[in-house]
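K.L.:
Following this message is one structure expressed as structure tokens.
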Amino acid sequence: MPIANKTPAPQTICRPLTRSAIFIVATLAPGSEAAAKVRSWCGDIAALTRAVGQRVPEGDLSCVCGFGVNAWDTLFGTPRPAELHPFREFGPAERRALATPGDILLHIRAEQMDLCFELATQLMSALGDAVSVVDEVQGFRYFDMRSIIGFVDGTENPEDNEKVGFTIIGDEDPSFTGGSYVLVQKYLHNMNAWNDLSVEAQERVIGRTKLSDIELDKSVKPISSHSALTTITKDGEEVKILRENMPFGRPGVGEFGTYFIGYARSPQPIEQMLENMFVGRPAGNYDRLLDFSTAVTGGLFFVPSADFLDGLGD
Ligand code: HEM
């Protein structure tokens, strides 16, 4: 009997927001030995996640793994996902979405940090010196999904029934059905300058009210507001991305940040949003949130299907 073609299952992208997350970006060590180690490690991610997650079933532990374009070529060769390319930079020098090194992204989420911590420990120990970590951030849920600048973050994310349609690749790239693209940027905020603004002025920067999280009326919402510039349409329909941003920081040393992470079935809408924010729509009408926020990292990664990763196991 012929075996029916199975649609590849995506990684755990479309999950509810958790209380904790760890983001790790690493570069691949040179040489075929490191590449072979990473390939076989890919096949172990699901089993390690299950093993750690089973210790606290209600903890909702999950892990998504993505690969930058250079790592893709080294690790997996051809075919390459149709829209995988180096991170595209946007904006003038004083307000730049810049690209920083990164071959592998891990997005580990759970309701409690100990689960994220344990899985990160297991995954990194299995990788050993096959990679070097270039950035690691531990993010936390801040009250009722507030970003560190005090506004609710995530409200206009796609609804549960729309998430897959906006994030998971279908027939448009048949070799990579079930995959996704993810773009990350680590932002640091100048909280003194931000807190010097009145609440009304902050609301005009974001385009929503601070306490009640309601969109400002068209008559008062500036076209330079963050929510105006990140609202985009194609053929008359709004195009959404799935954001799983997390606050992070070290109050003792005055560090306050947002780890931006956006998933989409093509990098194009996320890049369009970045262009609107950093260059402006029209040019010069840039996102005033950037007067208080500096992007210090930037990376674009492809997230292959879970079946692709499982198939790499020994
Ligand atoms: C500096 C870091 C950032 C912070 C603190 C931040 C915060 C926020 C907040 C508070 C909202 C309003 C509530 C909501 O709908 O979620 C929002 C909306 C949004 N943000 Fe950001 N954001 C950041 C960076 C970005 C980046 C880099 C992108 C895209 C490349 C982006 C895309 C969006 C989108 C698509 C919306 C929804 C717009 C709408 O439909 O009204 N954000 N963000």
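The values are calculated or read from the model by the stated rules, or taken from the named source; none is laboratory data. Note that the structure is a prediction, hence the values are computed from the model and not measured. Glycine gets a Cβ as well: all are built from the backbone with ideal geometry, and neighbour counts include every protein chain shown. Areas reflect the complete protein model, heavy atoms only, side chains present, ligands, DNA and RNA absent. Shrake-Rupley method; radii C 1.70, N 1.55, O 1.52, S 1.80 Å.
K.L.:
Are there any pairs, at least 6 apart or on different chains, whose C-beta atoms fall under 6 Å, with the first in the stretch 71-92 and farther than 30 Å from D287 by Cα and the second of a type in the set (K, R) and assigned to a loop (DSSP other than H, G, I, E, B), and if so, which?
P.N.:
These pairs meet every condition: W72/R80.
K.L.:
Could you tell me which numbered condition R39 fails, if it satisfies all but one of (1) surrounded by fewer than 21 Cβ atoms within 10 Å (Cβ to Cβ); (2) more than 25 Å from L188 (Cα to Cα); (3) in contact with an Asp or Glu (Cβ under 6 Å, 6 or more places away or on another chain)?
P.N.:
For R39, the exception is condition (3).
K.L.:
When you go through (1) assigned to a helix (DSSP H, G or I); (2) open to solvent by 30 Å² or more (accessible area, probe 1.4 Å); (3) over 23 Å from R96 (Cβ atoms) one by one for K163, which number turns out not to apply?
P.N.:
(2)
K.L.:
For the stretch 173-185, does any single residue satisfy the condition of being of a type in the set (A, V, I, L, M, F, W, C) and more than 10 Å from the ligand (Cβ to nearest atom)?
P.N.:
The answer is yes; a qualifying residue exists.
K.L.:
Does L98 fit the bill of being surrounded by 18 or more Cβ atoms within 10 Å (Cβ to Cβ) and more than 30 Å from S212 (Cα to Cα)?
P.N.:
No: the conditions fail for L98.
K.L.:
What residue, among those in the stretch 210-229 that are among the hydroxyl-bearing types (S, T, Y) and open to solvent by 30 Å² or more (accessible area, probe 1.4 Å), is farthest from the ligand (Cβ to nearest atom)?
P.N.:
S219
K.L.:
Something else: Quick test of your reading of the structure: I169 fulfils all but one of (1) within 16 Å of the ligand (Cβ to nearest atom); (2) open to solvent by less than 10 Å² (accessible area, probe 1.4 Å); (3) not small (G, A, S). Name the failing condition by number.
P.N.:
For I169, the exception is condition (1).
K.L.:
Could you check the stretch 194-297 for strands (runs of 3 or more DSSP E) lying wholly inside it with 3 or more residues that are among the hydroxyl-bearing types (S, T, Y)? Give the derivation first.
P.N.:
Working: elements: 232-234, 237-239, 246-250, 255-264, 293-295.
By residue number, 255-264.
K.L.:
Please pick out the residue among V205, V199 that is more than 12 Å from the ligand (Cβ to nearest atom) and either among the hydrophobic types (A, V, I, L, M, F, W, C) or surrounded by 13 or more Cβ atoms within 10 Å (Cβ to Cβ) (or both).
P.N.:
Exactly one residue qualifies, and that residue is V199.
K.L.:
Taking R265 as the residue in question, decide whether it is among the basic types (K, R), open to solvent by 20 Å² or more (accessible area, probe 1.4 Å) and more than 17 Å from G66 (Cβ to Cβ). If you could, list the steps in order and put the result at the bottom.
P.N.:
Details: among the basic types (K, R): yes; open to solvent by 20 Å² or more (accessible area, probe 1.4 Å): yes; more than 17 Å from G66 (Cβ to Cβ): no.
No, not satisfied.
K.L.:
Got a sec? Which of Q138, Q122 is assigned to a strand (DSSP E or B), closer than 25 Å to E58 by Cα, open to solvent by 50 Å² or more (accessible area, probe 1.4 Å) and away from the ligand (no atom under 14 Å from the Cβ)? Steps first, please.
P.N.:
Details: Q122 fails: assigned to a strand (DSSP E or B).
Of the residues listed, the single one that is assigned to a strand (DSSP E or B), closer than 25 Å to E58 by Cα, open to solvent by 50 Å² or more (accessible area, probe 1.4 Å) and away from the ligand (no atom under 14 Å from the Cβ) is Q138.
K.L.:
Could you list, in sequence order, all residues of the stretch 8-36 that are surrounded by fewer than 13 Cβ atoms within 10 Å (Cβ to Cβ) and on the phi < 0 side of the Ramachandran plot?
P.N.:
Within the stretch 8-36, P16, P30, S32, E33, A36 qualify.
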